[in-house]
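Undergrad: My structure is below; once you've seen it, I'll send some questions.
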Amino acid sequence: MAYTNNENNKFRLNVGCIVINKNEQVLLAKRIDIPDSWQFPQGGIKKGEKLNDTLGRELKEEIGLSTMDYNILGVTKKWTYYSFPKEIQNKQSYFAGQKQKWFLVELISNDEKISLNNNCSKAEFCAWKWVSYWYPLNIIAKFKYFSYKQAMYELRYYIP
């Protein structure tokens, strides 16, 4: 279970990850549970877990990458926030939204290492694709837009 460390425990602590390839394209994954919903890999921080450990665990669980498959290029200095729409809050009722640190990682292995279903008991994604760096801002859920934009603007300076 993810935890919070902020007032009123409203925002779930979370790590987001932008995976970039040698062609400066980013990996987007399609959610299983929400039709036509694409996003970057992300996940909750467990109590006592370091950010890099959360990053490694989430990338392994969600897209099959081990720490040998990528290099960390950068991390956001500040946390980003987004609030869940009411229909999501009503479904999960624990949190009002997410408080995220974002990483930019470069895939150093080949695409064959990406696996959506073999690394956890419940797969979150059913498809993935490489897209241009700024394209995700056109298709992600509106409530995540400013968090993604803030992270992408800051992390773009780490692209080799």
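The values are calculated or read from the model by the stated rules, or taken from the named source; none is laboratory data. From a predicted model like this one, the values you see are computed outputs, not experimental measurements. Heads up, the Cβs are rebuilt from the backbone with ideal geometry, glycines too, and the neighbour counts pull from every protein chain shown. When the accessible area is computed, the model is the full protein with side chains, heavy atoms only, and any ligands, DNA or RNA have been set aside. Shrake-Rupley method; radii C 1.70, N 1.55, O 1.52, S 1.80 Å.
Undergrad: Of the residues that make up segment 74-86, is at least one modelled with pLDDT of 95 or more, of a type outside the set (A, V, I, L, M, F, W, C), open to solvent by less than 80 Å² (accessible area, probe 1.4 Å) and in contact with an Asp or Glu (Cβ under 7 Å, 6 or more places away or on another chain)?
TA: There is at least one residue in segment 74-86 that is modelled with pLDDT of 95 or more, of a type outside the set (A, V, I, L, M, F, W, C), open to solvent by less than 80 Å² (accessible area, probe 1.4 Å) and in contact with an Asp or Glu (Cβ under 7 Å, 6 or more places away or on another chain).
Undergrad: Does G64 fit the bill of being on the phi > 0 side of the Ramachandran plot and open to solvent by less than 30 Å² (accessible area, probe 1.4 Å)?
TA: Details: on the phi > 0 side of the Ramachandran plot: yes; open to solvent by less than 30 Å² (accessible area, probe 1.4 Å): yes.
When the stated conditions are applied, G64 passes them.
Undergrad: Does W128 satisfy the condition of being within 15 Å of the chain's Cα centre (by Cα), hydrophobic (A, V, I, L, M, F, W, C), open to solvent by 30 Å² or more (accessible area, probe 1.4 Å) and modelled with pLDDT of 90 or more? Step through it out loud before you land on a result.
TA: Values: within 15 Å of the chain's Cα centre (by Cα): yes; hydrophobic (A, V, I, L, M, F, W, C): yes; open to solvent by 30 Å² or more (accessible area, probe 1.4 Å): yes; modelled with pLDDT of 90 or more: yes.
Answer is yes for this residue.
Undergrad: Test N21 against the criterion of being among the polar types (S, T, N, Q), open to solvent by less than 90 Å² (accessible area, probe 1.4 Å) and modelled with pLDDT under 95, and give yes or no. Working first, answer last.
TA: Numbers: among the polar types (S, T, N, Q): yes; open to solvent by less than 90 Å² (accessible area, probe 1.4 Å): yes; modelled with pLDDT under 95: no.
In short, no.
Undergrad: In addition: Pairs please, first residue from segment 73-88 and within 11 Å of Q150 (Cβ to Cβ), second anywhere and buried (at least 16 other Cβ atoms within 10 Å of the Cβ) and of a type in the set (K, R), Cβ atoms under 7 Å, 6+ apart in sequence or on different chains.
TA: Final answer for the pair search is T76/K101; W79/K99; W79/K101; Y81/K99; Y82/K144.
Undergrad: Also, quick follow-up: Which one of these does F146 not meet: (1) in contact with a Leu (Cβ under 9 Å, 6 or more places away or on another chain); (2) in a helix (DSSP H, G or I)?
TA: In the conditions (1) in contact with a Leu (Cβ under 9 Å, 6 or more places away or on another chain); (2) in a helix (DSSP H, G or I), F146 misses (1) alone.
Undergrad: Right, here's the next one. In segment 115-133, is there at least one residue being acidic (D, E) and without any contact (Cβ under 8 Å) to a residue 60 or more places away in the chain?
TA: Of the residues in segment 115-133, the ones acidic (D, E) are 124.
Now narrow it down to the ones that are without any contact (Cβ under 8 Å) to a residue 60 or more places away in the chain: none.
No: segment 115-133 contains no residue that is acidic (D, E) and without any contact (Cβ under 8 Å) to a residue 60 or more places away in the chain.
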